[in-house]
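Right, one structure below, let's go through it.
The values are calculated or read from the model by the stated rules, or taken from the named source; none is laboratory data. From a predicted model like this one, the values you see are computed outputs, not experimental measurements. With ideal geometry, Cβ positions are generated from the backbone for all residues, glycine too; neighbour counts draw on all protein chains shown. Side chains are part of the model used for accessible areas, which takes the heavy atoms of the whole protein and leaves out ligands, DNA and RNA. Shrake-Rupley method; radii C 1.70, N 1.55, O 1.52, S 1.80 Å.
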Amino acid sequence: MITLSLEILLISVLAGIVGSVLGLGGGIIITPALTLLFGVSIEHAIGASIISVIATSSGSAIAYIRDRITNMRVGMFLEIATTIGAITGAFIGGIIAPNLLYIIFGLLLIYSAFNMIKKKSEGAAGEVSMSPAAKKLRLEGSYYDKAIKQDVPYHAGNVYGGFSVMYGAGIVSGLLGIGSGSFKVLAMDVFMKLPLKVSTATSNFMMGVTGAASAGVYLLRGDIDPHIAGPVALGVLAGATVGAQIMQRLKSKTIRLLFIPVLAYVAVQMILEGVGLTK
């Protein structure tokens, strides 16, 4: 049991780093790692993953907020949609077969990766049309990019499209325990045209609230095993703290290049597991 806990801890550190850098919450690695490498049931893996989501947010959000990369106004506004979606997804998860969860997980990640590939350029802030809703809610800001050593001003566009995608992201979070960071980043980066680093940092901030909203449901259902969730939380928290420092020194293009293959690989593995081809 001690050896297993140590192995889970080490994997969780890696998950925390990747989750913090890419804004994915760590669950994208934790869920498949626990099921594919350690034989943990999908229900308990998702329960532990929800805990990892909260730990990732705790470990990285402080650094991103301190350095003013996180947009608090955007995060709190969109959190309305994700929190309602998370509660919805958590209840739906109790009535869906495990194999179907694997397949849904994979298909949604492939969709995210495809949309990221289609986005050939980030679009400078001046090229983004500021919607009336964004102007009224003051969804704008600027941050200092350590990679290019200059201030980057920006503002949001297509607020309603981003809000709708965020509700779906909340459902995915509650349903699959992945923090749905891929969809949060997708909504802000592709739909709202925010800079990728702002999208990543704000996603990390939001995931803690989203995860907490659905964690209670999993706890009451008995899907959170302390022997698994404990080392996961510790490892992810440590990894997320390191990842927050790494992300700020990477160029947005590099983050995007890292983002896509991670999504694609995990998506394929989970679909294969869902259809029984990994047995």
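Which of the three applies to region 164-279, rounded, prolate or oblate, going by the alpha-carbon gyration tensor with a ≥ b ≥ c and a/c under 1.5 meaning rounded? The partial results should precede the final answer.
Details: a/c = 1.45, a/b = 1.31, b/c = 1.11.
Rounded is the answer for region 164-279, as its axis ratio a/c remains below 1.5.
Projecting label points 7 angstrom from Cα along Cα→Cβ for Lys146 and Leu219 puts them 3.3 nm apart.
Positive-end ranking of Leu37, Leu263, Ser5 along the dipole of the chain, with charges on Cβ about the Cα centre, is headed by Leu263.
How would you classify region 1-94 from its alpha-carbon gyration tensor, with a ≥ b ≥ c the square roots of the eigenvalues: rounded for a/c under 1.5, else prolate if a/b is greater than b/c, otherwise oblate?
Note, shape of region 1-94 comes out oblate.
Axis angle, to the nearest 10 degrees, between helix 72-93 and the longest C-alpha principal axis of the chain: 30 degrees.
Contour minus end-to-end for Lys136 and Leu6, with contour as 0.36 nm per residue of separation and end-to-end as the Cα-Cα distance? List each step's numbers first, then the result.
On the way: separation 130, 0.36 × 130 = 46.80 nm, distance 4.97 nm.
Using 0.36 nm per residue and subtracting the Cα-Cα distance, I get 41.8 nm.
This model, with +1 at the C-beta of Lys and Arg and -1 at the C-beta of Asp and Glu, gives the chain a dipole about its Cα centre of some 900 debye. For region 171-279, the carbon plus sulfur part of the accessible surface works out to 73%, probe radius 1.4 Å. Under 12 Å from the 7 Å Cα→Cβ point of Ile62, by amide nitrogen: which residues of region 217-235? What the label zone holds, given the 12 Å backbone N cut-off, is no residue at all.
Say the cut-off is 18 Å between C-alpha atoms; which of Lys135/Lys251; Lys146/Lys251; Lys149/Lys184; Lys149/Lys251; Lys135/Lys193 go over it? Spell out each step's value before the answer.
Values: Lys135/Lys251 28 Å; Lys146/Lys251 9 Å; Lys149/Lys184 26 Å; Lys149/Lys251 11 Å; Lys135/Lys193 14 Å.
Check vs 18 Å cut-off fails for Lys135/Lys251; Lys149/Lys184.
Neighbours of Leu101, meaning other residues whose beta-carbon lies under 11 angstrom from its beta-carbon, give a summed charge of -2 when Lys and Arg score +1 and Asp and Glu score -1. Neighbours of Asp67, meaning other residues whose beta-carbon lies under 11 angstrom from its beta-carbon, give a summed charge of +3 when Lys and Arg score +1 and Asp and Glu score -1. Once both labels are positioned 7 Å from their Cα atoms along Cα-to-Cβ, the gap between Ile84 and Phe38 label points is 3.6 nm.
For Leu24, what is the net charge nearby, where nearby means another residue's Cβ is under 15 Å from its Cβ and Lys, Arg count +1, Asp, Glu -1? Here the charged neighbours net out to +2.
Arg221 exposes around 90 Å² of accessible area when a 1.4 Å probe is run over every protein chain in place. For the chain, adding -39500 (n - 2.57) for each run of n ≥ 4 DSSP H residues and dividing by the number of residues yields -24000 deg cm²/dmol at 222 nm.
Taking every protein chain into account, the 1.4 Å probe leaves Leu263 with about 0 Å² of accessible area, to the nearest ten. For region 246-253, putting each phi into the Karplus relation 6.51 cos²θ - 1.76 cosθ + 1.60 with θ = phi - 60° gives couplings of 5, 4, 5, 9, 9, 6, 4, 4 Hz, in residue order, rounded to whole numbers and with x for Gly and Pro. Solvent exposure of the chain amounts to 42 Å² per residue of accessible area, where only protein heavy atoms count and the probe is 1.4 Å. Straight-line reach from Lys136: taking Cα to Cα under 18 Å and skipping same-chain neighbours fewer than 8 places apart, the aspartates and glutamates in range are Glu79.
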